[in-house]
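Step one of this worksheet: look at the structure below.
The values are calculated or read from the model by the stated rules, or taken from the named source; none is laboratory data. Please read all numbers here as calculations on a predicted model, not as lab measurements. Cβ coordinates were reconstructed from backbone atoms using ideal geometry, including for glycine residues, and neighbour counts include every protein chain displayed.
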Amino acid sequence: MKQRMPVVENILSANDRLAEENRQRFDQAALYGINLMASPGAGKTSLIEHTIKRLTGQLSLAVVDGDIATSIDADRAAAAGAEAVQINTGGECHLDAVMLQGALNQLELPSYDLLLVENVGNLVCPAAFQLGTHQNILIASIPEGDDKPYKYPTMYRGVDALVINKIDLLPYIDFDMQYFQRGVEVLNPGLITFPISCRTGEELDGWLDWLKDQVTKHKSSQTK
Ligand SMILES: Nc1nc2c(ncn2[C@@H]2O[C@H](COP(=O)(O)OP(=O)(O)OP(=O)(O)O)[C@@H](O)[C@H]2O)c(=O)[nH]1
Ligand SMILES: [Mg+2]
């Protein structure tokens, strides 16, 4: 048992080194990368589809889709109009920096402004593995329940922005938004939050404007 902790630490620090290399590749290409994490079915691919459809023409987008076994989500992203690369993790419950490195090798990075990475649906493992993206973004969704920040604190603590999807279901589900947001505030004070519905499209503009703003700021910081 004594051997166990150092091994885990070595794996994580090796991952962090590769994540840093990925970040350098993003920055050299003036490409902005975001890592979308969520539980299974929260709406990661739905949000990616909306983002592609609404921002194509303003930004050049690519998608890297992490999935345990299928290419369903990458196919959806491609059908929405983006270049999409599939990573099958072969059973792993998260993406890591070396997997993303392999996907980046398949893309002509300088030709894109924004890379959306869809992580494997899971609220635990993805939080431990940095990928090198500029932002880690969590999508929560109403049917998951309002207690998730309390039950999965590491994930909520580590993210840079929060999307709350499926607000169209609020009238049908016991979800106490104040209780949920109190939990988030304790873990991640002032976290920027976007309550949206991918079903109705409501409140998506706030998310899209913020994302465009992040890309623009990153581009200007790289060209200075
Ligand atoms: N009511 C409602 N349903 C939604 C909304 N967004 C997504 N869905 C539905 O939720 C289901 C899962 O959506 P996906 O976008 O595939 O979720 P995901 O997080 O990519 O799922 P995995 O990749 O399997 O983890 C689909 O049936 C969507 O149509 C929403 O805002 N409201
Ligand atoms: Mg998906």
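Within the group Q86, Q130, Q135, which residue is over 26 Å from T193 (Cβ atoms) and in contact with an Asp or Glu (Cβ under 7 Å, 6 or more places away or on another chain)? Even if it seems obvious, please write down each step before you answer.
Working: Q130 fails: over 26 Å from T193 (Cβ atoms); Q135 fails: over 26 Å from T193 (Cβ atoms).
Going through Q86, Q130, Q135 in turn, just one is over 26 Å from T193 (Cβ atoms) and in contact with an Asp or Glu (Cβ under 7 Å, 6 or more places away or on another chain): Q86.
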* Structure fact -> Inside segment 22-46, the number of residues satisfying the requirement of being assigned to a helix (DSSP H, G or I), surrounded by 24 or more Cβ atoms within 10 Å (Cβ to Cβ) and more than 8 Å from ligand 1 (Cβ to nearest atom) is 0
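So, in segment 164-197, of the ones that are assigned to a helix (DSSP H, G or I) and closer than 18 Å to H50 by Cα, which residue ends up farthest from ligand 1 (Cβ to nearest atom)? Quick ask: steps written out before the conclusion?
So the first thing to find is which residues in segment 164-197 are assigned to a helix (DSSP H, G or I), and the list is 167-172, 177-187.
Among the residues that remain, those that are also closer than 18 Å to H50 by Cα are: 167-168.
Working: I167: 7, D168: 5 Å.
Per the stated criteria, the residue is I167.
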* Would you mention how many residues in segment 47-60 are hydrophobic (A, V, I, L, M, F, W, C) and either away from ligand 2 (no atom under 11 Å from the Cβ) or assigned to a strand (DSSP E or B) (or both)? => 3
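Before we move on, is T70 modelled with pLDDT under 95 and either under 28 Å from D205 (Cα atoms) or within 19 Å of the chain's Cα centre (by Cα) (or both)? Quick ask: steps written out before the conclusion?
Working: modelled with pLDDT under 95: yes; either under 28 Å from D205 (Cα atoms) or within 19 Å of the chain's Cα centre (by Cα) (or both): yes.
Considered against the rule, which asks whether it is modelled with pLDDT under 95 and either under 28 Å from D205 (Cα atoms) or within 19 Å of the chain's Cα centre (by Cα) (or both), T70 comes out as yes.
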* Structure fact -> Given (1) at pLDDT 95 or above; (2) within 14 Å of ligand 2 (Cβ to nearest atom); (3) over 16 Å from G132 (Cβ atoms); (4) of a type outside the set (G, A, S), E108 misses just (2)
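Hey, could you check segment 122-134 for residues that are buried (at least 16 other Cβ atoms within 10 Å of the Cβ) and out of contact with any Leu (no Cβ under 8 Å at 6 or more places or on another chain) and say which is nearest to T45 (Cα to Cα)?
Among those that are buried (at least 16 other Cβ atoms within 10 Å of the Cβ) and out of contact with any Leu (no Cβ under 8 Å at 6 or more places or on another chain), it is N122.
If you go through segment 135-163 one residue at a time, how many are crowded, with 18+ Cβ neighbours inside 10 Å, within 13 Å of the chain's Cα centre (by Cα) and part of a loop (DSSP other than H, G, I, E, B)? Write out each step before concluding.
Taking segment 135-163 as the starting set, the residues that turn out to be crowded, with 18+ Cβ neighbours inside 10 Å are 136-142, 144, 146, 148-149, 152, 155-156, 159, 161-163.
Subset that is within 13 Å of the chain's Cα centre (by Cα): 136-140, 155-156, 159, 161-163.
Those left that are additionally part of a loop (DSSP other than H, G, I, E, B): 159.
The qualifying residues number 1.
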* Six or more apart or on different chains, Cβ under 9 Å: which pairs go from a residue in segment 198-224 that's part of a helix (DSSP H, G or I) to one that's loosely packed, with under 12 Cβ neighbours inside 10 Å? Could you list them? => Q222/Q28
